[in-house]
Amino acid sequence: MRRVTLNLAHCYGIKQLKTVLDFSSTQAYAIYAPNGVMKSSLAQTFQDAFKGETSIDRIFSQRVTMR
């Protein structure tokens, strides 16, 4: 099985996100939601992980980011 476990906290405004994406029966997931639901923040967090960079919380910079 191919699973991706997400455990994010304080990444660009994402307070907390814990979920498992199971790719055993699909090759992709679509995220469809209204404006302001943190889709761009999730994309930025994935981009940071890909580049090996640290994610931050832009508003509360003292918060510890978990990714």
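A compact table of results
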| quantity | calculated |
| --- | --- |
| Looking only at region 39-49, and only at residues there that are without any contact (Cβ under 8 Å) to a residue 24 or more places away in the chain and under 20 Å from ARG2 (Cβ atoms), the one that is least open to solvent (accessible area, probe 1.4 Å) | ALA49 |
| Residues satisfying the stated conditions in region 52-67, i.e. more than 19 Å from ASN7 (Cβ to Cβ) and either without any contact (Cβ under 8 Å) to a residue 24 or more places away in the chain or assigned to a helix (DSSP H, G or I) (or both) | SER61, GLN62 |
| Leading residue by the ranking (modelled with the lowest pLDDT) among those in region 1-17 that are open to solvent by 60 Å² or more (accessible area, probe 1.4 Å) and in a loop (DSSP other than H, G, I, E, B) | MET1 |
| Cβ-Cβ under 9 Å pairs, at least 6 apart or on other chains, region 18-36 side part of a strand (DSSP E or B), far side surrounded by fewer than 10 Cβ atoms within 10 Å (Cβ to Cβ) and not aromatic (Phe, Trp, Tyr) | LYS18/THR5; THR19/THR5; VAL20/ARG3; VAL20/THR5; LEU21/ARG3; LEU21/THR5; ASP22/MET1; ASP22/ARG3 |
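One line per residue, one yes/no per condition, for (1) open to solvent by 50 Å² or more (accessible area, probe 1.4 Å); (2) modelled with pLDDT of 95 or more; (3) at positive phi:
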site: GLN27; (1), (2), (3): yes, no, no
site: ALA33; (1), (2), (3): no, no, no
site: VAL37; (1), (2), (3): yes, no, no
site: LYS51; (1), (2), (3): yes, yes, no
site: MET66; (1), (2), (3): yes, no, no
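The values are calculated or read from the model by the stated rules, or taken from the named source; none is laboratory data. Computed from a predicted structure; not experimentally measured. As a convention, Cβ positions derive from the backbone with ideal geometry for all residues, glycine included, and neighbour counts pool all protein chains shown. SASA here: full protein model, heavy atoms, side chains in, ligands and nucleic acids out. Shrake-Rupley method; radii C 1.70, N 1.55, O 1.52, S 1.80 Å.
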